[in-house]
Amino acid sequence: MFSARTAWNRTPNLLALRRETLRARGVDVVDLTMSNPTEVGLAQPEREVQEALAAPGVAGYAPEPFGLVSAREAVAAELAARGAHLSAKQVLLTASTSEAYAFLLALLCDPGDNLLIPMPGYPLLSYLADAASVELRAYPLELEEGFGFDTETLEALADENTRGVVVVSPANPTGQVLAPEAQVALDALCASSDWALVVDEVFGHFLRGGRPPSTAAALEGEALTFTLEGLSKSVGLPQLKCAWTAVTGAAPLRDEALARLEILADSFLTAAEPTQRALPRLLALGPPWRRRVAVRVEDNRQTLLAARPAEAPWSVLPCEGGWSAVLRLPQSADETALALELLEAGVHVQPGHFYDFPRGRFLVLSLLEEPGRFATGVQRLARTLARVLRVPERSGW
Ligand SMILES: Cc1ncc(COP(=O)(O)O)c(C=O)c1O
């Protein structure tokens, strides 16, 4: 009856099972896997969202395959502030960036073709690729290389069925940013190999140290390039279901991509029209909200750094942006056993293998949690790591 490609393993992992048992027993567990800003006191102000959505026209329906021009113009203007000069015609609206990925898989790949994706990475693409019968080939981001990559590695992984490269910037969970010179090299490689470049910038606004955001869409390169972003992360409104893809690159290829995407998009018409109508006002809610998130994420990072005893065998990896912290563990550590131990101690974190780190032992923490809860979680974490990894605790924790 069913397709082989949807025969996914649905057995819950040990951590999820244990978490459920503890929840059922009413045990207090600080959730440092939380990535939903609306649940940690970082929801957008209710009234402002209501007012934005109250724009006239909600009772009508004027479907446009790529989305309303007014909404796409607002996105183009946002990207222009980051140096990208594109017309609204190069902007496609979808319900989410996940859906944009699904469109791109359909646009670029036949069954059996492959895309190069970063490893570690957020485990979203594997299901989307399975559903499209597309193979994912992971290029390693090595700790020793600052989680960067080189074009030789990509070339070595590719074959005649490779259709493109995915880059996430800032990366999830490691937070490294695609440097302009790396993008230029990637653009040249993709253009000469007849590959598309997909740059996921859902965390693009969240750069540390007040660094202004840039965008891959600003490079006037040769390669067919898709730059992805959405309301979900950049404005904290995942519930309003609207994301955008900027399509750039040399004109004949770019126009062919847009023409094909138009038919695909017209077959779905998924971006909700009330959200599209409200998009210019919703985008304006972004800057103050992002400032709140930046403060939250940075304060929590400092709390985490302060909890680490000087001689601890674990460390917090430096990062350029995003919402996560990566803890490096000794090579002898068992990530799953440790995450289970931490759960028993009342703090839920993700083991590194959830993100497929190519080597090494890691834990991944979300930095979004409300500061008091975060401090409690980190206190439990430091105490447990001190006990399990057998190092002295920092006094006061
Ligand atoms: C790197 C990355 N890209 C895309 C997504 C999906 O975002 P959306 O909510 O727009 O589908 C996520 C979700 O966490 C993500 O981490």
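For region 117-135, a residue qualifies if it is closer than 23 Å to Val364 by Cα, among the hydrophobic types (A, V, I, L, M, F, W, C) and in contact with a strand residue (DSSP E or B) (Cβ under 8 Å, 6 or more places away or on another chain), and the qualifying residues are Ile117, Met119, Leu125. Of the conditions (1) within 16 Å of the ligand (Cβ to nearest atom); (2) of a type in the set (Val, Ile, Thr); (3) at pLDDT below 95, Val75 fails just one. Which one is it? Val75 satisfies all of (1) within 16 Å of the ligand (Cβ to nearest atom); (2) of a type in the set (Val, Ile, Thr); (3) at pLDDT below 95 except (3). Checked against the criterion of being buried (at least 24 other Cβ atoms within 10 Å of the Cβ), at pLDDT 95 or above, in a loop (DSSP other than H, G, I, E, B) and hydroxyl-bearing (Ser, Thr, Tyr), region 225-241 has no qualifying residue. When Ser315 is evaluated against the numbered criteria (1) farther than 21 Å from Leu143 by Cβ; (2) surrounded by fewer than 18 Cβ atoms within 10 Å (Cβ to Cβ), which criterion, by number, is the only one it fails? Unmet for Ser315, out of (1) farther than 21 Å from Leu143 by Cβ; (2) surrounded by fewer than 18 Cβ atoms within 10 Å (Cβ to Cβ): (1). Which number in (1) touching a residue at least 40 places away in the same chain (Cβ under 8 Å); (2) surrounded by 15 or more Cβ atoms within 10 Å (Cβ to Cβ); (3) within 16 Å of the ligand (Cβ to nearest atom) marks the one condition that Leu136 misses? The single condition Leu136 does not satisfy is (1). Within region 176-192, the set of residues being crowded, with 17+ Cβ neighbours inside 10 Å and either under 17 Å from Leu116 (Cα atoms) or in contact with a helix residue (DSSP H, G or I) (Cβ under 8 Å, 6 or more places away or on another chain) (or both) comprises Leu178, Ala182, Gln183, Leu186, Asp187, Leu189, Cys190, Ala191.
To keep it simple, each residue is scored yes or no on (1) at positive phi; (2) within 16 Å of the ligand (Cβ to nearest atom); (3) in a loop (DSSP other than H, G, I, E, B); (4) touching a residue at least 40 places away in the same chain (Cβ under 8 Å).
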position: Ile263; (1), (2), (3), (4): no, no, no, yes
position: Arg291; (1), (2), (3), (4): no, no, no, no
position: Val297; (1), (2), (3), (4): no, yes, no, yes
position: Asn300; (1), (2), (3), (4): no, no, no, yes
position: Glu311; (1), (2), (3), (4): no, no, yes, yes
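For the residues Ser87, Ser70, the requirement of being more than 16 Å from the ligand (Cβ to nearest atom), exposed (fewer than 13 other Cβ atoms within 10 Å of the Cβ) and either in the same structural domain as Asp159 (by TED's automatic domain parsing) or at pLDDT below 95 (or both) singles out Ser87. When the criteria are applied in full, Asp130 meets the requirement of being surrounded by fewer than 23 Cβ atoms within 10 Å (Cβ to Cβ) and either at pLDDT 95 or above or within 16 Å of the ligand (Cβ to nearest atom) (or both). For Pro45, indicate whether it is loosely packed, with under 12 Cβ neighbours inside 10 Å and within 27 Å of Pro371 (Cβ to Cβ). Yes, satisfied. Evaluated against (1) assigned to a loop (DSSP other than H, G, I, E, B); (2) over 17 Å from Thr97 (Cα atoms); (3) aliphatic (A, V, I, L, M), Ala257 falls short on exactly one condition, (1).
Scan region 3-28 for residues that are closer than 18 Å to Asp130 by Cα and exposed (fewer than 11 other Cβ atoms within 10 Å of the Cβ) and the total you get is 8.
Here the condition is being over 24 Å from Pro118 (Cβ atoms), touching a strand residue (DSSP E or B) at 6+ places or on another chain (Cβ under 8 Å) and modelled with pLDDT of 95 or more; of Arg373, Arg361, it holds for Arg373 alone. Of the set (1) modelled with pLDDT under 95; (2) within 27 Å of Ser324 (Cβ to Cβ); (3) among the polar types (S, T, N, Q), all apply to Thr270 but (2).
Scanning for something more than 15 Å from the ligand (Cβ to nearest atom) and in contact (Cβ under 8 Å) with a residue 12 or more places away in the chain, does region 166-178 turn up at least one residue? Checked region 166-178: no residue is more than 15 Å from the ligand (Cβ to nearest atom) and in contact (Cβ under 8 Å) with a residue 12 or more places away in the chain. Among the residues of region 193-205, those identified as buried (at least 21 other Cβ atoms within 10 Å of the Cβ) and not acidic (Asp, Glu) are Trp195, Ala196, Leu197, Val198, Val199, Val202, Phe203, Gly204, His205. Quick check on region 148-170: of everything there that is in contact with a helix residue (DSSP H, G or I) (Cβ under 8 Å, 6 or more places away or on another chain), of a type in the set (Gly, Ala, Ser) and not in a loop (DSSP other than H, G, I, E, B), which residue is modelled with the lowest pLDDT? Filtering region 148-170 for residues that are in contact with a helix residue (DSSP H, G or I) (Cβ under 8 Å, 6 or more places away or on another chain), of a type in the set (Gly, Ala, Ser) and not in a loop (DSSP other than H, G, I, E, B), the one modelled with the lowest pLDDT comes out as Gly148.
The values are calculated or read from the model by the stated rules, or taken from the named source; none is laboratory data. The shown structure was predicted, so the numbers you read here are calculated from the model rather than taken from an experiment. Backbone-built Cβ (ideal geometry, glycine too); neighbour counts: all protein chains shown.
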